[in-house]
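Colleague: Quick one: the structure is below, questions incoming.
The values are calculated or read from the model by the stated rules, or taken from the named source; none is laboratory data. Since the structure is predicted, the reported quantities are computational estimates derived from the model, not experimental observations. Cβ atoms come from the backbone with ideal geometry, glycine included; neighbour counts cover every protein chain shown.
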Amino acid sequence: MKVLITGGAGFIGSHLAEAYLEQGDSVCIIDNLSTGSMENIEHLKKRPGFKYIIDTIMNESLMNKLVDAADVIFHLAAAVGVRLIVEKPVKTIETNIRGTELILKLASKARKTVMISSTSEVYGKHNGHRFSENDDLVLGPTFKARWSYAASKIVDESLALAYWKETRLPVIIIRLFNTVGPRQTGRYGMVIPRFIHQALTGEPITVYGDGKQTRTFTHVKDAIWAMMRLVERQEAVGEIFNIGGDGEISIETLAQLIKEVLNSPSEIVHIPYEQAYEHGFEDMMRRSPDITKIQNLIGYNPRFTLHDIITDVAEYQRHRVLLDYSSLSRHEALQI
Ligand code: UDP
């Protein structure tokens, strides 16, 4: 099979590319390296069947050729990370809406299956229960950047479903819940890589707000497994699926757990939201997926625990620091 992955040098895309190459498929990725990196795909460059293109997905003539040559398209190119979204709202909205619009148009012309990656952010301000695909989506005001990001993803989903309804384009929508693993960077705000970096370097672990907000984390390998199974299923077409883990933890407890597992001397500090993001920033106090739908269709059950996630991310960060600063001792390297 010929797989096209937009955003393929990103954290999730590079894992997906690797998994398809491992099962003997050929993979073409396109990435503009805005949040992805060459480092993520370095180990794939020499693999037979792998092709990478550094360009924007807005290059229509190029995308036309790539879509034509593919059997299936995973559209992962998007602005990601709450920090990036708050700091670059124009780029976020434009990239997410225009990029998806173009991919759907080209896929429709070529009649190719497309998986559109959406996010648990679309559930917005619901608190108090596990989110299921049929729930109403309740967002805050548009002057808060976070909700505009959710709105941009809702437009993506709606457009994909409209293509399915009107033209029978085979689309599958996934809503990813806090996907974590090696190669994810904390630069755009993601909590686990940030806490692990802080724990390994002995810096304070920065819990935002009171730390009572909860999340359900998903190992990237579980997410990849689910994505690969979903595109094989005819019944998944025209549907939305939550992909997430099965445990729920508060951010405060997460900080303690990471400190404990990594045996770190870091102190845990609390930072007000307005200092961490911007004045008026709204967090989601609870976010956890109902995964019944995907369980019923493909037998999805998360195989990796939060402990696995922490040890895998920590191993990646240690290895990376040692590679970057191989001339220094491990202790010195971790101080950087
Ligand atoms: N968070 C935190 N400290 C950090 C980064 C994030 O306490 O250094 C919190 C953030 O406010 C949120 C949770 O961790 O409540 C998850 O944040 P992340 O950006 O990873 O994902 P989100 O679920 O917000 O998209």
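Colleague: Applying the selection to region 1-28, what residues are of a type in the set (A, V, I, L, M), surrounded by fewer than 23 Cβ atoms within 10 Å (Cβ to Cβ) and in a helix (DSSP H, G or I)?
Modeller: Ala19, Leu21
Colleague: Looking at region 272-288, is at least one residue in contact (Cβ under 8 Å) with a residue 60 or more places away in the chain, away from the ligand (no atom under 12 Å from the Cβ), in a loop (DSSP other than H, G, I, E, B) and surrounded by fewer than 16 Cβ atoms within 10 Å (Cβ to Cβ)?
Modeller: Yes, region 272-288 contains a residue that is in contact (Cβ under 8 Å) with a residue 60 or more places away in the chain, away from the ligand (no atom under 12 Å from the Cβ), in a loop (DSSP other than H, G, I, E, B) and surrounded by fewer than 16 Cβ atoms within 10 Å (Cβ to Cβ).
Colleague: Return yes or no: is Thr216 closer than 23 Å to Leu137 by Cα, in contact with a strand residue (DSSP E or B) (Cβ under 7 Å, 6 or more places away or on another chain) and hydroxyl-bearing (Ser, Thr, Tyr)?
Modeller: Judged against the criteria, Thr216 is a match.
Yes or no, residue by residue, for (1) away from the ligand (no atom under 16 Å from the Cβ); (2) basic (Lys, Arg); (3) free of Cβ contacts under 8 Å to residues at least 60 places away in the same chain:
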{"residue": "Glu166", "(1), (2), (3)": "yes, no, yes"}
{"residue": "Phe195", "(1), (2), (3)": "no, no, no"}
{"residue": "Thr201", "(1), (2), (3)": "no, no, no"}
{"residue": "Lys212", "(1), (2), (3)": "no, yes, no"}
{"residue": "Arg215", "(1), (2), (3)": "no, yes, no"}
{"residue": "Met228", "(1), (2), (3)": "yes, no, no"}
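Colleague: Looking only at region 72-94, which residues are of a type in the set (A, V, I, L, M), within 16 Å of the ligand (Cβ to nearest atom) and part of a helix (DSSP H, G or I)?
Modeller: Correct list: Val82, Leu84, Ile85, Val86.
Colleague: I'm trying to understand the selection: among the residues of region 299-314, which are under 19 Å from Phe195 (Cα atoms) and either of a type in the set (D, E, K, R) or free of Cβ contacts under 8 Å to residues at least 40 places away in the same chain (or both)?
Modeller: The answer is Asp308, Asp312.
Colleague: Within region 11-35, which residues are small (Gly, Ala, Ser) and under 21 Å from Ala69 (Cβ atoms)?
Modeller: Scanning region 11-35 gives Gly13, Ser14, Ala17, Ala19, Gly24, Ser26.
Colleague: Only one of these is crowded, with 23+ Cβ neighbours inside 10 Å and over 12 Å from the mean Cα position of the chain (by Cα): Ile240, Ile173. Name it.
Modeller: Residue meeting the stated conditions: Ile173.
Colleague: Does Ser117 count as at negative phi and in contact with a His (Cβ under 7 Å, 6 or more places away or on another chain)?
Modeller: yes
Colleague: Shifting gears a bit: Given the criteria over 20 Å from the mean Cα position of the chain (by Cα) and of a type in the set (Ser, Thr, Tyr), does Ser61 qualify?
Modeller: Spelling it out, Ser61 is indeed over 20 Å from the mean Cα position of the chain (by Cα) and of a type in the set (Ser, Thr, Tyr).
Colleague: What is the number of the single condition among (1) modelled with pLDDT of 95 or more; (2) in a loop (DSSP other than H, G, I, E, B); (3) of a type in the set (A, V, I, L, M, F, W, C) that Leu257 does not meet?
Modeller: Of (1) modelled with pLDDT of 95 or more; (2) in a loop (DSSP other than H, G, I, E, B); (3) of a type in the set (A, V, I, L, M, F, W, C), only one is false for Leu257: (2).
Colleague: While we're on this one: Of the residues that sit in region 256-295 and are touching a Phe, Trp or Tyr at 6+ places or on another chain (Cβ under 6 Å) and hydrophobic (A, V, I, L, M, F, W, C), which one is nearest to Arg130 (Cα to Cα)?
Modeller: The residue in question is Ile294.
Colleague: Keeping to region 101-141, report how many residues are over 19 Å from the mean Cα position of the chain (by Cα) and at pLDDT 90 or above.
Modeller: Counting residues in region 101-141 that are over 19 Å from the mean Cα position of the chain (by Cα) and at pLDDT 90 or above gives 21.
Colleague: Further question on the same structure: Would you check which residues across region 29-71 are crowded, with 21+ Cβ neighbours inside 10 Å and outside any helix (DSSP H, G or I) and list them?
Modeller: Ile29, Ile30, Asp31, Gly36, Ile57, Ala70
Colleague: Related question: Report yes if some residue within region 234-251 is part of a helix (DSSP H, G or I) and either within 15 Å of the ligand (Cβ to nearest atom) or over 30 Å from Ala160 (Cα atoms) (or both); otherwise report no.
Modeller: The answer is yes; a qualifying residue exists.
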